[in-house]
1. Any idea which of GLY450, GLY432 is under 30 Å from TYR549 (Cα atoms) and within 24 Å of the chain's Cα centre (by Cα)?
2. With the requirement that a residue be in contact with a helix residue (DSSP H, G or I) (Cβ under 9 Å, 6 or more places away or on another chain), within 11 Å of the ligand (Cβ to nearest atom) and in contact (Cβ under 8 Å) with a residue 40 or more places away in the chain, what does region 110-136 give you?
3. When you go through ALA206, ALA149, ALA189, ALA211 one by one, which is the residue that is touching a Lys or Arg at 6+ places or on another chain (Cβ under 7 Å) and in the same structural domain as MET109 (by TED's automatic domain parsing)?
4. If ALA189 satisfies every condition in (1) surrounded by fewer than 21 Cβ atoms within 10 Å (Cβ to Cβ); (2) in contact (Cβ under 8 Å) with a residue 40 or more places away in the chain; (3) away from the ligand (no atom under 16 Å from the Cβ) but one, which is the exception?
5. Does THR368 qualify as being open to solvent by 50 Å² or more (accessible area, probe 1.4 Å) and of a type in the set (Ser, Thr, Tyr)?
6. For region 275-287, which residues satisfy the criterion of being closer than 20 Å to PRO22 by Cα and either acidic (Asp, Glu) or in contact (Cβ under 8 Å) with a residue 40 or more places away in the chain (or both)?
7. Within region 473-492, does at least one residue satisfy the condition of being among the basic types (Lys, Arg) and either more than 18 Å from GLU382 (Cβ to Cβ) or modelled with pLDDT under 95 (or both)?
8. For residues that are within 12 Å of the ligand (Cβ to nearest atom), within 19 Å of LEU455 (Cα to Cα), hydrophobic (A, V, I, L, M, F, W, C) and open to solvent by 50 Å² or more (accessible area, probe 1.4 Å), tally how many sit in region 274-297.
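The values are calculated or read from the model by the stated rules, or taken from the named source; none is laboratory data. Bear in mind that the values here come from a model prediction, so they are computed numbers and not experimental data. Reconstructed Cβ throughout: ideal geometry from the backbone, glycine too, with neighbour counts over all protein chains shown. SASA here: full protein model, heavy atoms, side chains in, ligands and nucleic acids out. Shrake-Rupley method; radii C 1.70, N 1.55, O 1.52, S 1.80 Å.
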Amino acid sequence: MYTLIDYSLDNELALIGLSRAPVNALGLTLRQELQAAFRQASSDPAVKALVVYGRGLPFCAGADIAEFGGAAFDAPALPQLLIELAGSSKPMVAAIGGLALGGGLELAMACGYRISEPKARLGFPEITLGLLPGAGGTQRLPRLIGAEAALETILAGQPLHAERALELGLADHLADSADELLDAARAYARELLQAGAPAQPAYPHAEPGVALPDNFFVDYTAKKSGQWKGQLAPHLALEAVRIACEQPLDVGLAREQELFLEAMDSPQFQALRHLFFAEREAGKVPGIDASLPLRPIGKVAVIGAGTMGGGIAMNFANIGMPVVLLEQKREALDRGLAQIRKNYEISAKRGKLTQEQVEQRMALLAGTLDYADLADADLVIEAVFESMEVKRQVFVTLDEICKPGAILATNTSTLDVDQIAAFTRRPQDVIGLHFFSPANVMRLLEVVRGKETALDVLATALKLGKQIGKLPVVSGVCYGFIGNRMLEPYAREAHRLLLEGATPAQIDRVLTDLGLNMGVLSMYDLVGIDVGYLIRTPLREALACDPSYYRLADELYALGRYGQKTGRGMYIYEGRERHDDPEVLAMAERLAAELGIQRRVISDQEIHDRCLFMLINEGIQILDEGIALRAGDIDLVWTCGYGFPTWLGGPLHYAGQLGLDHVLAGINQYRALLGAYGEQWFKPAALLEQLVAAGKTRISKD
Ligand code: CAA
């Protein structure tokens, strides 16, 4: 009778096992069957209590995100279903195995009693989707654990460990292990029956607002205003919790529904949902499936113990993998290892690691000056100076000493991976693993597939990337791969606008107002104007036809003004504080005169359009060339690696929001407006023209 529920009786207990693989998302059929099972148990006089659990699966990952905009509100809609369950006349125990997220945790809260296995995670990730809990979470959680803790939990979006859930009162008990969870839940239900426990226990914080300081919500919003800039969902979630503190449950539940619908109707939810599914798609590569045998990786070697190499090495030590770190000189090696220790010590000071864990991780890291020590590594990642000649020497040596089948990876951010692979007699084993700095922190990993990279090498790199907690995105070979190639025209426009009359502060403000973590000129100052100069070097000859190309940055480089590290770049720095530099403005005026560029007042809109349209156009070009497999991959690279606001969904999703026809018209407009410069740079990608001609509203190659 049920397809997604396992209903059974254990004497006086009804056991309702949710069984919708992979994560028990509460789609329409599961909701219907859960309701039917609940009604069956409720009306069976032999049943005295109910236990809800995930049958061989995690308890429940919440509402079915794919259903939003479709059957999500078909009866029984989750909020109504949970109101019905919460009115149970018999005690209900939720047995939480694996995870209870979003609507899954709301289901657990609708059950009056909760027992969890010790490794389960409980939380409300809705905020990361641009939503708020919409099936009672914002109303029941404050009553259960108090308003402040509830607000923090909902706004953090990060799941809690079971032990923390127990401390907060979100779980009543912990089972000894996942294996014993169902037995423990049954025993708990029987204990409740024996004790004559009510079907619905009283909430510990029945009036969650009473203990709050005056003006709590106003002050809280003020405190978070910077962090929440541009985002809708945190404001709506806070409003829902405020209502929970001021209104009875039924009023709060109704208001929560309205707020949830408001969030769901917003473009921010569309954007964040797009990223959610893009992230799941990113791991899927044609030709790779679970049947492809992977190369075993038990030992890693990293060449170069600088900031990048050290950060890369930490990723592997963090998952318990031995790493050999190679440097040319003893001092550089010692410095690199000392820096890694320092990083771990900082984590220990912040309570993220124990001292024992620090020592365990350090013990996995072996320094060497001798390439021979790399002979038994399964994966070697070079993170040496960004020069083709240096890479050549490294790869020729690796080809000599590494064992057959070892994966040889380069961390280059712009150089040609195919050329690097050709330095070896095993190009099929060579791949790009482009980590972002700081490599132990940043989640993005561009996995660069050379024209000869073997499928099993690619598949192994993707799997390993996930194992070390990264978001691996596949890129083909081209200058700068996905991320840096798109950065180039975006930053080029910013630099050109300086000559035409905009100031660094204005350009950066327009970009941060849009929600970017940092304006592009501040970012260049942070990364280093010298680094930008070096990366542009191979392009210089081809771009000599545009004498304005990054001209101001080149002048700053010549003056040794490399950005934050020298205290001056586009701005003047006092510590971390940034000030406008009148000399830069004078320099821009002088260069504009030399180049015959007419200076004028530049509007914020023009800055937005020129920088963003060029970014988008390059992304579309990359998609068309097959460098990226999907538009979503490009959006992930930019949201995860370059601080593009997630609630805009990434540059290509944002283009859809702006209107593809609007973007195309804008590019053509600047092409006409900017004379020879416009003619040179403002060429719409052919795919953009095709999509607009076909009346498409989203960027996709299909
Ligand atoms: N709805 C629909 N599909 C979901 C889903 C959900 N809530 N959660 C996971 N999935 C799907 C994924 O898309 C993926 O599908 P494919 O295999 O077809 O790609 C599959 O389940 C496995 O997911 P992951 O690859 O992400 O597996 P994981 O083990 O790395 O992570 C997870 C599992 C922690 C549950 C993660 O998928 C996740 O965070 N899911 C989202 C949870 C969430 O946000 N829940 C709240 C939903 S909104 C809500 O509930 C609102 C409300 O209040 C009513």
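1. Working: GLY450 fails: within 24 Å of the chain's Cα centre (by Cα).
Being under 30 Å from TYR549 (Cα atoms) and within 24 Å of the chain's Cα centre (by Cα) holds for just one of GLY450, GLY432, which is GLY432.
2. Restricting attention to region 110-136, the residues satisfying the condition of being in contact with a helix residue (DSSP H, G or I) (Cβ under 9 Å, 6 or more places away or on another chain) are 110-124, 126-136.
The next check asks that each one be within 11 Å of the ligand (Cβ to nearest atom); those that pass are 121, 123-124, 126-136.
Residues satisfying the conditions are ARG121, GLU126, ILE127, THR128, LEU129, GLY130, LEU131, LEU132, PRO133, GLY134, ALA135, GLY136.
3. Values: ALA149 fails: touching a Lys or Arg at 6+ places or on another chain (Cβ under 7 Å); ALA189 fails: touching a Lys or Arg at 6+ places or on another chain (Cβ under 7 Å); ALA211 fails: touching a Lys or Arg at 6+ places or on another chain (Cβ under 7 Å).
Sole residue among the options that is touching a Lys or Arg at 6+ places or on another chain (Cβ under 7 Å) and in the same structural domain as MET109 (by TED's automatic domain parsing): ALA206.
4. The one condition ALA189 does not meet is (1).
5. Values: open to solvent by 50 Å² or more (accessible area, probe 1.4 Å): no; of a type in the set (Ser, Thr, Tyr): yes.
No, not satisfied.
6. Let us first name the residues in region 275-287 that are closer than 20 Å to PRO22 by Cα, namely 275-284.
LEU275, PHE276, PHE277, ALA278, GLU279, GLU281, ALA282, GLY283, listed by residue number.
7. Our first condition is that a residue be among the basic types (Lys, Arg); within region 473-492, this holds for 485, 492.
With the extra rule that they be either more than 18 Å from GLU382 (Cβ to Cβ) or modelled with pLDDT under 95 (or both), the set shrinks to 485, 492.
Within region 473-492, one or more residues are among the basic types (Lys, Arg) and either more than 18 Å from GLU382 (Cβ to Cβ) or modelled with pLDDT under 95 (or both).
8. Total meeting the criteria: 1.
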